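Note sheet for the following structure.
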Amino acid sequence: MTMTDAPTATSVIGQRLLRKEDPVLLTGEAVFANDMKVPGALHMAVLRSPYASATIVSIDTSAAAAMPGVRAVYTGADLAEQWAAPMPCAWAVTEDMLNPPHHPIAIDAVHYVGDGVAVVLADSDAIAHDAIEAIDVEYDSREPIIDLDDALSDRVLVHPDLGTNSSYTWNLLIEETDGAVQKAFDEAAYTVSERYVQQRLIPMAMEPRAVVSIPQPFGGDLTLYTSTQIPHVLKVMIAVTLGVPEHQLRVIAPAVGGGFGSKLDVYAEELLCVALSRKHGVPVRWNETRSENTVATIQGRGQIQHMELAADADGKLTAMRVRLTADMGAYMQLITPGIPLLGAFLYAGVYDLPKAYDFSCTGVFTNLTPTDAYRGAGRPEATYAIERAMDALAAVVGLDPLEFRRRNFIRKEQFPYEACTGLTYDSGDHDAAATIAADMIDYAGVRARQAEQNVDGATKRLGLGVSTYFEMCGLAPSRVLASLNYSAGGWEAATVRILPTSKVQVVTGTSPHGQGHETSWSMIVADKLGIDPADVDVLHSDTTIAPLGMDTYGSRSLPVGGVAVGMACDKVIDKAKQIAAHQMEANVDDLEFTGGVFRVAGSPDKEMPLAAIAFEAFTAHNLPDGLEPNLEAQVTYDPPNFSWPFGTHMCLVEVDIETGAIEVLQYVAVDDCGNQVNPMIVEGQVHGGVVQGLAQALFEGADHDADGNLRTSTLADYLVPAASDVPSITTGRSVTPSPTNPLGVKGVGEAGTIGAAPAVMNAIVDALSGLGVHDVSMPASPNTVWNAIHAAQSTTSPNGGPQ
């Protein structure tokens with residue numbers, strides 16, 4: 001069920017148009033990287049380490065090399081000269097950050113289960129995988145470090161040559177006066193100190209990764225097809241890592257079956273395919289198996305969070321202290337160290353906190369798969385910590401969780417709001433979103449039902465959880481990224497071209513993989529130019545067709561890329577207006593443009609449609625002096641601020657205290673992403689995000705044994721929720737347009753994930769608080785919940801009171 005506003009009759013933007021992308025997906029016509037037919041291609045397979053920490057003593061490849069159909073076998077030492085630089089990390093968050101060299105194939109030692117140690121090229125995928133089984137590797141295994149606290153102690157080192165497991169410590173201390181944080185805690189009427197664990201998650205995109213590298217027969221040019229979110233960034237990084245001239249590389253992301261941040265990376269297999277296809281002069285391809293995917297593709301989250309909040313006697317927040325230990329895994333991938341920083345500015349949430357904010361994060365190496373961006377990337381972790389801690393503090397203060405939040409919300413009239421973290425929030429109305437959500441779930445009615453149901457002797461208890469959030473998205477402006485030592489910019493490029501027959505081509509630097517850019521960009525153009533969205537063709541995900549771009553991640557596509565498209569339309573209209581004025585012998589300032597037609601103000605008989613102007617621009621027979629032919633404009637847009645979507649999610653659960661089973665009875669998501677281009681796409685993004693947040697709360701977790709082996713390496717063990725596990729999700733919205741871009745839009749791709757996990761976990765703890773349960777760890781499996789209940793009961797006396 002969805003609550004939405006009816007679209008206006010005069011605007012394309014705001015209508016619930018069906019996605020242009022879906023027919024090829026539904027009919028099986030979409031071509032994914034592994035679908036490609038490439039005659040003469042060699043198939044690559046990678047031998048991966050079974051040890052989390054070991055020295056490579058020797059590798060015997062002779063048996064594998066002798067197998068029929070095997071064309072080559074390489075070790076890390078064999079390929080060492082192929083690399084102009086180690087694999088890239090684009091975010092050195094501090095000047096003294098430790099970043100051990102990471103090569104596509106290990107040379108001397110392995111540091112996690114799944115680390116590549118040898119590679120085979122063969123005539124078929126089956127032969128290649130058979131051959132890697134014939135490679136004999138002698139390892140000298142060492143004790144691995146799996147636990148974050150253990151790693152922080154430096155008892156055993158992941159990389160002995162570094163002398164420590166701590167890669168960096170990054171601090172953000174903002175105080176009105178020196179010592180303001182400690183003073184606020186010393187004078188606080190109420191304080192809480194909480195510890196939360198963000199378990200590791202496996203992104204589990206529907207399509208595992210796949211790569212096809214095709215060298216040209218002469219000249220050195222090469223085309224790489226890969227299941228990636230970042231073709232433009234990848235192109236640059238391949239050039240840097242392999243020393244290949246960038247102009248000789250073309251990177252194409254074909255149909256991509258989901259990413260969720262896991263394909264926002266530069267992977268060893270992409271570099272290997274490029275290097276080996278150049279070396280052999282033939283195409284090389286690789287397709288990831290599902291079991292490989294669980295260890296060779298990055299994992300998400302992995303944090304220990306220590307939260308301290310202080311409040312005065314009126315229940316107003318006065319200070320916050322955050323200490324994070326973040327699991328980097330064995331190596332730094334593309335933006336691994338920066339993920340916690342994306343959340344660093346959001347631990348204060350949607351609350352009016354004085355400048356008494358103390359944040360510190362230490363990035364720590366472990367002998368596990370590297371971590372990196374996973375849907376939300378630092379923002380879900382921050383929201384989880386503050387929203388769980390707000391419930392804990394509300395209990396101490398003695399206020400209802402929603403009332404306690406309302407007491408601390410940043411008020412609508414305070415925007416634009418200079419936050420305690422140093423950033424400026426552009427707009428918001430948190431009380432409005434919370435009110436809508438409370439009405440939708442019948443907040444007062446649920447509290448009354450709880451009072452009746454959650455009594456002594458009841459075996460099923462109701463819980464109501466609240467989660468409010470701010471999201472910092474867009475990953476821009478570039479100057480702010482520079483201040484955080486991020487290597488790239490936050491701009492985006494777009495070109496709008498009106499063809500002679502009045503059809504429109506849009507070239508965008510974003511690279512969609514399920515977000516609906518073809519539909520949304522078409523709607524923006526149609527609304528601007530007064531044409532049918534069906535007459536707009538959106539070209540993307542190919543670095544030759546769209547040479548400029550910063551790609552898709554961080555909910556940036558619409559507030560950066562979509563805005564660039566709209567601005568390019570404005571430039572096209574300005575040029576077309578000059579042609580129309582010239583041909584109608586009118587003053588440019590007297591022309592009005594509506595519905596795809598230029599009209600002279602006060603002269604209704606004088607008009608010229610855009611279609612006619614497009615053809616006139618093409619023929620160039622009668623253009624104003626000095627004006628170039630054709631109607632085309634290119635814009636590179638660097639936003640002045642992040643975009644700040646927000647919302648309130650509420651979850652109603654029923655917990656069976658005899659079994660620990662949880663049933664989600666109702667889920668409400670009210671999200672404010674500014675003006676909505678296509679509400680149906682927005683709802684789809686929210687639904688998908690909520691499911692991933694629910695999954696972290698209730699089902700998913702990458703579980704490793706003491707030796708670093710992943711115990712959840714298949715979908716039989718790693719519990720991705722099925723459709724039958726997902727409750728009905730009711731969506732609502734408030735609309736607070738962004739004042740920092742001309743479309744008034746904000747991102748929404750990660751909102752559901754950010755709001756969901758704390759809403760669910762707060763609901764579970766709310767249901768069990770009457771039994772003395774104050775925290776439940778994620779994922780909240782029946783066994784975990786049952787153990788939490790019985791642990792609480794063991795600390796109470798036989799008559800139910802505290803011991």
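What is the distance, in nm, between label points placed 7 Å from the Cα along the Cα-to-Cβ direction at Ser483 and at Arg323?
The modelled label-to-label distance comes out at 2.7 nm.
Work out the length of the dipole vector of the stretch 40-376 about its Cα centre, built from +1 on the beta-carbon of each Lys and Arg and -1 on the beta-carbon of each Asp and Glu, and round it to the nearest 20 debye.
980
Ser11 versus Leu423, label points 7 Å from Cα toward the beta carbon: distance in nm?
2.6
Contour minus end-to-end for Leu627 and Lys412, with contour as 0.36 nm per residue of separation and end-to-end as the Cα-Cα distance? Provide the component values of the computation, followed by the final result.
Values: separation 215, 0.36 × 215 = 77.40 nm, distance 4.67 nm.
Contour length minus Cα-Cα distance gives 72.7 nm.
Relative contact order of the chain: what whole-number percent is it, with Cα pairs under 8 angstrom and at least 6 residues apart?
Once divided by the residue count of the chain, the mean separation gives 15 percent.
What do you get for GluC sites (Glu not before Pro) in the stretch 653-703 restricted to DSSP loop and a cutoff of at most 14 other Cβ within 10 Å of the site's Cβ?
The qualifying sites are Glu658.
Using θ = phi - 60° and the Karplus curve 6.51 cos²θ - 1.76 cosθ + 1.60, what whole-Hz ³J(HN,Hα) does each residue of the stretch 734-740 get, with Gly and Pro shown as x?
10, 10, 10, x, 6, x, 9
Provide Rg over Rh for the stretch 149-246; use the alpha carbon set for both Rg and the Kirkwood Rh (inverse mean inverse pair distance).
That ratio equals 1.20.
Helix check for the chain. Which DSSP H runs span at least 24 Å along their own axis by Cα, with a mean Kyte-Doolittle hydropathy no less than 1.0? Please list the in-between numbers first.
On the way: long enough: 379-397 (26 Å, 0.33); 563-583 (30 Å, 0.27); 679-698 (28 Å, 0.70); 751-768 (27 Å, 1.32).
Membrane-span-like by this rule: 751-768.
Set Lys and Arg Cβ to +1 and Asp and Glu Cβ to -1, take the dipole of the stretch 163-284 about its Cα centre, and tell me which of Ala239, Gly281, Pro208 lies farthest positive.
Ranked along the dipole, the leading option is Gly281.
Per residue Cα convex hull volume for the stretch 341-410, in cubic angstrom?
Considering the Cα atoms of the stretch 341-410, their hull volume per residue is 119 Å³.
Per 5 Å bin from zero, what fraction in whole % of the C-alpha pairs of the stretch 423-517 is there, up to the bin with the longest pair?
Final binned percentages: 2, 8, 11, 10, 10, 11, 10, 9, 9, 7, 6, 4, 2, 1, 0, 0.
Starting from 0.36 nm per residue, how many nanometres of slack lie between Lys571 and Lys606 once their C-alpha separation is accounted for?
Length gained, Lys571 through Lys606: 10.3 nm.
Say R0 is 51 Å: what FRET efficiency, to the nearest 0.05, do Phe618 and Ala80 get from their beta-carbon distance? Write down the numbers at each step before the final one.
Values: r = 55 Å, r/R0 = 1.07.
That gives a FRET efficiency of 0.40.
Quick one: in the stretch 491-637, what % of C-alpha pairs are over 21 Å apart?
42
Let's see if you can work this out: charge +1 on each Lys and Arg Cβ, -1 on each Asp and Glu Cβ, no other charges. What is the dipole magnitude of the chain about its Cα centre, in debye to the nearest 20?
740
Through the Karplus equation 6.51 cos²θ - 1.76 cosθ + 1.60, θ set to phi - 60°, convert the phi angles of the stretch 50-64 into ³J(HN,Hα) values in whole Hz; use x for Gly and Pro.
Each residue's phi maps through the Karplus curve to give x, 10, 7, 8, 6, 8, 7, 7, 7, 9, 10, 9, 4, 5, 5 Hz.
Could you tally the net charge around Asp638, taking each other residue with its Cβ under 14 Å from the Cβ of Asp638, Lys/Arg +1 and Asp/Glu -1?
Summing Lys and Arg as +1 and Asp and Glu as -1 gives +1.
Could you work out [θ]222 nm for the chain from helices alone, using -39500 (n - 2.57) per DSSP H run of at least four and dividing by all its residues? Round to the nearest 500 deg cm²/dmol. Write out the running numbers ahead of the final one.
Working: 21 runs with 223 residues, N = 803.
Estimated from H runs of four or more residues: -8500 deg cm²/dmol.
Accessible area per residue of the chain at 1.4 Å probe, in Å²?
So the chain comes to 37 Å² accessible per residue, rounded to a whole number.
Local charge sum around Ala188 (other residues, Cβ-Cβ under 13 Å, Lys/Arg +1, Asp/Glu -1)?
Result for the neighbourhood of Ala188: -2.
Hey, what D do you get for the stretch 734-796 in µm²/s if you plug the Kirkwood alpha-carbon radius into Stokes-Einstein at 4 °C and 1.567 mPa s?
90
Which loop-located chymotrypsin sites (Phe, Trp or Tyr not before Pro) does the stretch 177-240 contain, where loop means any DSSP state but H, G, I, E or B and the Cβ has at most 13 other Cβ atoms within 10 Å? Spell out each step's value before the answer.
Details: sites: Phe185, Tyr190, Tyr196, Phe218, Tyr225; in loops: Phe218.
Taking the stretch 177-240 and a limit of 13 other Cβ atoms within 10 Å, the loop chymotrypsin sites (Phe, Trp or Tyr not before Pro) found are Phe218.
Out of the total accessible area of the chain (probe 1.4 Å, heavy atoms of protein only), what percent is carbon and sulfur? Don't skip to the answer; put the middle values down first.
Working: 15100 of 29440 Å².
Heavy-atom surface of the chain belonging to carbon and sulfur, 1.4 Å probe: 51 percent.
Using Cα centres only, tell me the gap between the stretch 604-632 and the stretch 513-590 in whole Å.
Each part's Cα centre sits 18 Å from the other's.
Lys and Arg at +1, Asp and Glu at -1: add these up for the other residues within a Cβ distance under 10 Å of Val211 and post the number. It would help to have the intermediate numbers written out before the result.
Numbers: positive: Arg209, Arg285; negative: Glu269, Glu270, Glu288.
Charge balance near Val211 sits at -1.
How big is the C-alpha Rg of the stretch 40-376 next to the rule-of-thumb value 2.2 N^0.38 Å, as a ratio? Can you show the working numbers first?
Numbers: Rg = 22.7 Å, N = 337, 2.2 N^0.38 = 20.1 Å.
My calculation over the Cα atoms of the stretch 40-376 gives 1.13.
Compare the Cα positions of Leu719, Val504, Trp521 along the charge dipole of the chain (+1 at Cβ of Lys, Arg; -1 at Cβ of Asp, Glu; about the Cα centre) and return the one farthest towards the positive end.
Positive-most Cα among the choices belongs to Val504.
Between Ser360 and Val240, what is 0.36 nm times their sequence separation minus the Cα-Cα distance? Round to one decimal in nm.
Stretched fully, the Ser360-Val240 segment lengthens by 40.0 nm.
Counting every Cα pair in the stretch 34-159, what percent are over 26 Å apart? Numbers along the way, then the final one.
Working: 2623 of 7875 pairs.
Of the Cα pairs, 33 percent sit more than 26 Å apart.
Could you list which residues have their amide H under 5 Å from that of His102, counting only those 5 or more apart in sequence or on another chain, with H placed in the peptide plane?
Placed amide hydrogens put Met87 under 5 Å from His102.
For Tyr139, list long-range residues whose amide hydrogen, built 1.01 Å from N in the peptide plane, is under 5 Å from its own amide hydrogen.
Residues meeting the amide H criterion: Val57.
Can you compute the charge dipole magnitude of the stretch 426-487 about its Cα centre, using +1 on each Lys and Arg Cβ and -1 on each Asp and Glu Cβ, nothing else charged? Give it in debye, rounded to the nearest 20.
260
Rounded to the nearest 0.05, what FRET efficiency do Asp717 and Leu499 give with R0 = 60 Å and r taken as the Cβ-Cβ distance? Could you check?
0.70
Calculate log10 I(q)/I(0) of the stretch 233-353 for q = 0.10, 0.17, 0.19, 0.20 Å⁻¹, where I(q) comes from the Debye formula with a single equal point scatterer on each Cα and nothing for solvent.
-0.50, -0.99, -1.14, -1.22
Would you mind getting me the FRET efficiency between Ser124 and Asp725? Use the beta-carbon distance for r and R0 = 45 Å, nearest 0.05.
After rounding to 0.05, the efficiency reads 0.75.
The values are calculated or read from the model by the stated rules, or taken from the named source; none is laboratory data. Quantities reported herein were computed from a predicted structural model and do not represent experimental measurements. Ideal geometry is used to build each Cβ from the backbone, glycine not excepted, and the neighbour counts take in all protein chains shown. Keep in mind that these areas ignore ligands, DNA and RNA; they rest on the heavy atoms of the full protein, side chains included. Shrake-Rupley method; radii C 1.70, N 1.55, O 1.52, S 1.80 Å.
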